[in-house]
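In what follows, a structure is listed as structure tokens, so that the remarks can point back to it.
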Ligand SMILES: [Zn+2]
């Protein structure tokens, strides 16, 4: 099974490359009508970013947003 087109951490400030499943957090968004064939369906946060950030799916905009986790102190 191919894991969509995940290649980098979803945090633009982070340059970690996706290596394998089981590291960090993987998010797969539902398909929508705006989809183009090249549009990645999956987003990945590396384990370091997953501690600090979360990805929230915005149903209106139909995209994920990077949000800072408030629990991390
Ligand atoms: Zn990262």
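The values are calculated or read from the model by the stated rules, or taken from the named source; none is laboratory data. Fair warning: this is a prediction, and the values are worked out from it, not measured in the lab. Using ideal geometry, Cβ is built from the backbone for each residue, glycine included, and neighbour counts are taken over all protein chains shown.
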In the stretch 44-66, what residues are loosely packed, with under 13 Cβ neighbours inside 10 Å and under 14 Å from residue 14 (Cα atoms)?
-> 47
Pick from the stretch 23-36 the residues that are modelled with pLDDT of 85 or more and over 9 Å from the mean Cα position of the chain (by Cα): which of them is surrounded by the most Cβ atoms within 10 Å (Cβ to Cβ)?
-> 24
How many residues does the stretch 37-63 contain that are touching a strand residue (DSSP E or B) at 6+ places or on another chain (Cβ under 7 Å) and modelled with pLDDT of 85 or more?
-> 13
